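Student: Encoded as structure tokens, here's the structure I'll be asking about.
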Amino acid sequence: MSIDRRKAALFCTAAAVRLLLFTAFPGLPDLLTGRVEISTPVTSFKRLQEGLFLYNHNVSPYDGGVYHQAPLLLPLFSLLPNSLDYPIFTYIIYILVDLLSADALMKIADSGEARSSKLYTSPRKDKKWGSLEIAAAFLFNPFTIATCIGRPTSVFTSCAILHAVAKAVAGSSLTSIFALTFAAYLSMYPILLLPPLLLLCFDRRRSESSINFFLGCASAVGGSTYALLQMSYIITGSWEFLSSTYGVHLLLPDLTPNVGLWWYFFIEMFDSFRNFFLGVFWLHLSSYVGGLTIRLRRQPLFVVTILLGIFAIFKPYPSISDTSLFLAMLPLYQHVFPLMRYTFLTTSTVLYATLLGPAFYYLWVYAGSGNANFFYAITLVWSLGLSVLVGDILFAVLRDEWEVERPEMKGKEIRQI
Amino acid sequence: MALLSSGVLLKRDPRLLKLPPYLSFLCIAVGIAWLLLLPLNDYSRRTYISENALLPGQVHTYFAGSDQHVFRGFKHEVDALEGKSNTEVNDKLEEFFKAAGLKVARQKFEYKSAGEVYQGENIYAILHAPRGDATEAIVLVGAWKNVEEEFNRSGVALVLTLARYFKRWSLWSKDIIFLVTPDSRAGPQAWVDAYHDTQSSPAIQPLPLKSGALQGAVVIDYPFNHRFESLHIVYDGINGQLPNLDLFNTVVSIASGQMGIGVTLQRMWNHKDDYKERLQTMLRGMLKQGLGHASGPHSSFIPYHVDAITLQPYGEGWQDEMAMGRVIESTFRSLNNLLEHLHQSFFFYLLMHSGRFVSIGTYLPSAMLVAINFTIMAIYLWVKSGTPISKSTKVASTMGEKSTPLELVKEGDAIAILPEEITGVRERELFLPLAVVAGTQFLGVLPLYIFNHTTHSMLSIVFGIFTILNTVLPYFISKSIIEYFGPTTQQYQLIKSFSLLLLGMFLSSLATLNFSLAFLVGLFAAPLTYIQPLPGRPILVTVLSLLINVLAPTAVILAGVFAWELNLGEVLKEAAFGWDIWGMNTQVVVWCVWWPAWLVGNILLYGKARDESSATKAVK
């Protein structure tokens, strides 16, 4: 009971902080909505409003090329009162989504999957944070709060991914697969999480043979994708949405600056090379899935975590919302933190980039005394910080596995030669 | 990098662990020395015009002869308007502008700040370019009252004369806007805001008449009747932003090269161009930039990326109003030539003479070095807080021995060298340090809110109370932290580490936006690098706490007020005015960056670490 009370207190505080920020600073939501670090062309709340307006006036929301988000968001938001007149309902929706994500995260933490999976048990499994601390680290992460206030639709994707993982560790593979398909339906890239997620479910399957299991999963993925797309078709009345949503993810027609690495690269590129490099970039992004899933077969949850980190760096339209999702999963591996080597370096790099990013963007766009290279340079630093973090946590987990095989090496220092 | 960042190298060699404090001191020293070197010929550069289209001083100016009579006439009319109300003045000015054949419009504005109301009405006239398409415009501003509240008698008359004169020419390819504001502080801001449709409140009317994108603005501040000697150029914008150096160079080259008028800056009336004078000019410029307030009507234009300067004639000499008019004419002819927005030359520079400057690449390292000193100490303290306690004795005993033996491990293709030593890292207790640092950062919002929302009459009293609280509060906070949490040495180290890390990050980000402010705050905060709990040495603590309190933000503000013989209430009112109307950010830096770091430093000074050995025993 006491856990529940503490959980309720935590959730209430988190909701209160968000509500306070929403209401005490009325200019803040719109300010953050306009920030390129939070809103990307495929998640922006402003663009959602535009799509919603067109949808409510019986025009195809994809006319005009501003709205690139999934069609099913439209009926959901058109049920709410107009967000300009009654913003409180929108605020409550976004706060609830954050709390739902935190709830899923707590379920993942409670399962203990991070410390001991079916095939692997960490020698450091006794060192752990409670699920409350992990949820608090997520709910009070400034990136999460800023994302919530900025209201991009990526929070729905994050919530769906967390629920997919939570259901997978609970053993209900069908629900899990449906949640992941929904995430993929919203922003496509989560489909790359399918292999580790299937393994996560596979490790908890009851009795059926592995062929039956994978056939069942494949049909579940196919069925739910079909259902979602068919519903979208019925809502919008044409298949146009496919090219306007997934086409934008794949082909990157909108080069609005963001914290990722793609936009600048594709601005500078000659058009004849564009298709080739689109292929290369997407291949690069998806190539991690196979390798990591095989190498870390014994810890599929960690594969999910690390892939989320990689997506936050390398996906076409990343934002700090993706980073906050990665940082939410990271504390699950608190037991290997002592094995990490660059924690302070990564923390400072990410913090520096967080401060310098808006400063350089201001110099470029408002003051006019800087140029695009200023902001791009800082997104490189940001990505560097995150890559070091991803590499470092990967190192820590591999080392943890290695120490099971070679107990005599415990506590000794490794040097690459 | 790998070795340094993980602290492995630091932990391995005790001599290296002693190094960072000296290194950070070296950073500060080099940073200051760097700044002092800048005025030398080897480090500063002569100014030059980057934008070829400007062609300053290449045209013949025709503002002379009969225009002098026109000027005298307008002067007479303007003198007659002295002391009249804003509306009466504008009625008359409207007549004049209309008589010159220009379109005229007016704009009412009203601002509220620190319990006072600032209101008035701007009047402006647009000369549509005979050869342009109204996509670009240049502004000529004459404020009715200048920043010192003097009646800008010749300035406004000159604006009227030039409006009439410019109308006669067919060579303009950009629109020219003649703007007369009732004051130099609120009026220009209201006009520029409304020109870009960003006015904050409905009390500021939108502009009924507009032209194209503003390319530049020149302000005339000529508040006396007699002839003048030289020209004083004011160029500082709000928040330390500066106009493009090309605009400044253009005016300097026209005034001194074409017209033979001397040019000075930063109130250095007799500049001998030696090291001392250059340094003084540069420091005055830095101080003004650091304070970030508006220094003239031009300042309001700069945040909108409109390059602007104020021209102030001064002294007794033989230059007359017509010479001033010709400088403006020639400048406008140069701006008229621009093919695109001024972008070639520098936006970040420090001027030390009308013909000498240093650019950002040369001066930025000095502020960065001061900021990096904090980061170095933060990293050092982080590493130190993770070093096992027992290690220190062990290291001391093994110092004489040769280096730790390495073991070669081979497995398949992989080879690794492992030192035969356990690289333990002490578990860090992060919660209390994070809470203390986050709490003090959050506390900074309080003074920021209070000083921007108190009425004028109360400001000095509130500041007095705050100063007194500020001196006693850290002691009690520190005592209560000791009382309730009993922090360990490690936690004190972490508190300091986080606080310095934040300070270093804020300052290095700030250095790219407002170099001078970052440098000044960095200097005042530099002693915080070396503050640590000193239990059992009360005399040293007293001395240090005196030093720290002298360097407190409040004390520094008071010292500045006394040094320049200002009125504290007026300074605070100006700060609130800047916050409300100009969008000045200096207070945010003072109260949310500097003050929290200072507070943490002061808390640390009174701190007393819990005895850890007894604590662990108690746990057992």
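The values are calculated or read from the model by the stated rules, or taken from the named source; none is laboratory data. What you see is a predicted model; the values in this text were computed from it and never measured. Ideal geometry is used to build each Cβ from the backbone, glycine not excepted, and the neighbour counts take in all protein chains shown.
Student: Does the stretch A:76-84 include one or more residues that are in a loop (DSSP other than H, G, I, E, B), buried (at least 18 other Cβ atoms within 10 Å of the Cβ) and either free of Cβ contacts under 8 Å to residues at least 12 places away in the same chain or hydroxyl-bearing (Ser, Thr, Tyr) (or both)?
Tutor: Yes - at least one qualifying residue is present in the stretch A:76-84.
Student: Going through A:SER387, A:SER383, A:SER369, A:SER348 one at a time, which residue ends up being at negative phi, outside any helix (DSSP H, G or I) and of a type in the set (Gly, Ala, Ser)?
Tutor: A:SER369
Student: Do we find that A:THR354 is among the β-branched types (Val, Ile, Thr) and within 14 Å of another protein chain (Cβ to nearest Cβ) in this structure?
Tutor: Yes: the conditions hold for A:THR354.
Student: Among the residues of the stretch B:327-353, write down those that are within 28 Å of B:TRP172 (Cβ to Cβ), away from chain A (no Cβ under 14 Å) and touching a Ser or Thr at 6+ places or on another chain (Cβ under 7 Å).
Tutor: Passing the criteria: B:GLU329, B:SER330, B:THR331, B:SER334, B:ASN336.
Student: Here is a further query. If a residue must be assigned to a helix (DSSP H, G or I) and at the interface with chain B (Cβ under 7 Å from one of its Cβ atoms), how many such residues does the stretch A:331-345 contain?
Tutor: Residues that pass the stated criteria total 3.
Student: Just give me the residues in the stretch B:157-181 being within 19 Å of B:GLU136 (Cα to Cα) and assigned to a loop (DSSP other than H, G, I, E, B), in sequence order.
Tutor: Within the stretch B:157-181, B:TRP169, B:SER170, B:LEU171, B:TRP172, B:SER173, B:LYS174 qualify.
Student: Which members of the stretch B:227-250 meet the condition of being away from chain A (no Cβ under 14 Å), assigned to a helix (DSSP H, G or I) and surrounded by 24 or more Cβ atoms within 10 Å (Cβ to Cβ)?
Tutor: Listed by number, the residues that qualify are B:PHE248, B:THR250.
Student: Next up: Being modelled with pLDDT under 95, away from chain A (no Cβ under 14 Å) and at positive phi: is that true of B:GLY536 here?
Tutor: Numbers: modelled with pLDDT under 95: yes; away from chain A (no Cβ under 14 Å): yes; at positive phi: yes.
Spelling it out, B:GLY536 is indeed modelled with pLDDT under 95, away from chain A (no Cβ under 14 Å) and at positive phi.
Student: I would also like to ask the following. Looking at B:LEU469, B:LEU503 in this structure, which one is within 14 Å of another protein chain (Cβ to nearest Cβ) and aliphatic (A, V, I, L, M)? Walk me through how you get there before you give the answer.
Tutor: Working: B:LEU469 fails: within 14 Å of another protein chain (Cβ to nearest Cβ).
B:LEU503 is the lone residue from the list that is within 14 Å of another protein chain (Cβ to nearest Cβ) and aliphatic (A, V, I, L, M).
Student: Now, a different point. Could you run through the stretch B:35-55 and say how many residues are in a loop (DSSP other than H, G, I, E, B), surrounded by 18 or more Cβ atoms within 10 Å (Cβ to Cβ) and out of contact with any strand residue (DSSP E or B) (no Cβ under 7 Å at 6 or more places or on another chain)?
Tutor: Count: 2.
Student: Residues in the stretch B:142-165: is at least one surrounded by 22 or more Cβ atoms within 10 Å (Cβ to Cβ), over 26 Å from B:LYS75 (Cβ atoms) and in contact (Cβ under 8 Å) with a residue 40 or more places away in the chain?
Tutor: No, the conditions are met nowhere in the stretch B:142-165.
Results for (1) closer than 30 Å to B:ASP246 by Cα; (2) charged (D, E, K, R); (3) free of Cβ contacts under 8 Å to residues at least 12 places away in the same chain, shown as yes or no for each residue.
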residue: B:GLY57; (1), (2), (3): yes, no, no
residue: B:HIS60; (1), (2), (3): yes, no, yes
residue: B:HIS69; (1), (2), (3): no, no, yes
residue: B:PHE109; (1), (2), (3): no, no, no
residue: B:SER113; (1), (2), (3): no, no, no
residue: B:VAL117; (1), (2), (3): no, no, yes
residue: B:TYR124; (1), (2), (3): yes, no, no
residue: B:VAL139; (1), (2), (3): yes, no, no
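Student: Among the residues in the stretch A:303-321, are any out of contact with any Asp or Glu (no Cβ under 6 Å at 6 or more places or on another chain), closer than 30 Å to B:PHE346 by Cα and part of a helix (DSSP H, G or I)?
Tutor: For the stretch A:303-321, residues out of contact with any Asp or Glu (no Cβ under 6 Å at 6 or more places or on another chain), closer than 30 Å to B:PHE346 by Cα and part of a helix (DSSP H, G or I): absent.
Student: Does at least one position in the stretch B:351-360 carry a residue that is among the polar types (S, T, N, Q) and over 15 Å from B:VAL139 (Cα atoms)?
Tutor: Checked against the condition, which is being among the polar types (S, T, N, Q) and over 15 Å from B:VAL139 (Cα atoms), the stretch B:351-360 yields at least one hit.
Student: Could you go through the stretch B:104-122 and let me know if any residue there is of a type outside the set (Ser, Thr, Tyr) and in a helix (DSSP H, G or I).
Tutor: No; the residues of the stretch B:104-122 include none that is of a type outside the set (Ser, Thr, Tyr) and in a helix (DSSP H, G or I).
Student: Here's a follow-up. On the basis of being more than 19 Å from the chain's Cα centre (by Cα) and not basic (Lys, Arg), does A:LEU255 make the cut?
Tutor: Judged against the criteria, A:LEU255 is a match.
Student: Further question on the same structure: If I ask for residues that are among the hydrophobic types (A, V, I, L, M, F, W, C), surrounded by 22 or more Cβ atoms within 10 Å (Cβ to Cβ) and not in a strand (DSSP E or B), which ones from the stretch B:293-322 would you list?
Tutor: The answer is B:ALA294, B:PHE301, B:ILE302, B:VAL306.
Student: Next question, about the same structure. When only residues in the stretch B:414-452 that are away from every other protein chain (no Cβ under 12 Å) and assigned to a loop (DSSP other than H, G, I, E, B) count, which is modelled with the highest pLDDT?
Tutor: Looking at the filtered set, the residue picked out is B:GLY444.
Student: Still on this structure, please answer the following. Which numbered condition in (1) at pLDDT 95 or above; (2) within 14 Å of chain B (Cβ to nearest Cβ) is the only one that A:GLY370 fails?
Tutor: A:GLY370 satisfies all of (1) at pLDDT 95 or above; (2) within 14 Å of chain B (Cβ to nearest Cβ) except (1).
Student: Take the residues in the stretch A:238-266 that are part of a helix (DSSP H, G or I) and free of Cβ contacts under 8 Å to residues at least 24 places away in the same chain, then tell me which one is surrounded by the most Cβ atoms within 10 Å (Cβ to Cβ).
Tutor: Taking the candidates together, the pick is A:TRP263.
Student: Let me ask something additional. So, in the stretch A:379-400, how many residues would count as being farther than 14 Å from A:THR323 by Cβ and not hydrophobic (A, V, I, L, M, F, W, C)?
Tutor: First, pick out the residues of the stretch A:379-400 that are farther than 14 Å from A:THR323 by Cβ: A:380, A:391-392, A:394-400.
The next check asks that each one be not hydrophobic (A, V, I, L, M, F, W, C); those that pass are A:391-392, A:399-400.
Total satisfying the criteria: 4.
Student: Looking only at the stretch B:281-292, decide whether some residue is out of contact with any Gly (no Cβ under 6 Å at 6 or more places or on another chain), part of a loop (DSSP other than H, G, I, E, B), closer than 22 Å to B:ILE220 by Cα and away from chain A (no Cβ under 14 Å).
Tutor: no
Student: Does the stretch B:370-387 hold any residues that are more than 18 Å from the chain's Cα centre (by Cα) and more than 12 Å from chain A (Cβ to nearest Cβ), and which are they?
Tutor: Correct list: B:ASN373, B:MET377, B:THR387.
Student: Kindly check whether there is at least one residue in the stretch A:38-57 that is closer than 23 Å to A:THR147 by Cβ, hydrophobic (A, V, I, L, M, F, W, C) and surrounded by fewer than 19 Cβ atoms within 10 Å (Cβ to Cβ).
Tutor: No, that holds for no residue.
Student: To continue, here is another question. A:SER2 passes all but one of (1) loosely packed, with under 14 Cβ neighbours inside 10 Å; (2) at pLDDT 90 or above; which number fails?
Tutor: (2)
Student: Please specify each residue of the stretch A:158-192 satisfying the condition of being among the β-branched types (Val, Ile, Thr) and farther than 13 Å from A:ALA104 by Cβ.
Tutor: Residues satisfying the conditions are A:ILE177, A:THR181, A:ILE191.
Student: Within the stretch B:305-323, can one find any residue that is within 14 Å of chain A (Cβ to nearest Cβ) and out of contact with any Pro (no Cβ under 8 Å at 6 or more places or on another chain)?
Tutor: Filtering the stretch B:305-323 down to residues within 14 Å of chain A (Cβ to nearest Cβ) leaves B:305-308.
Those left that are additionally out of contact with any Pro (no Cβ under 8 Å at 6 or more places or on another chain): B:305-306.
Yes.
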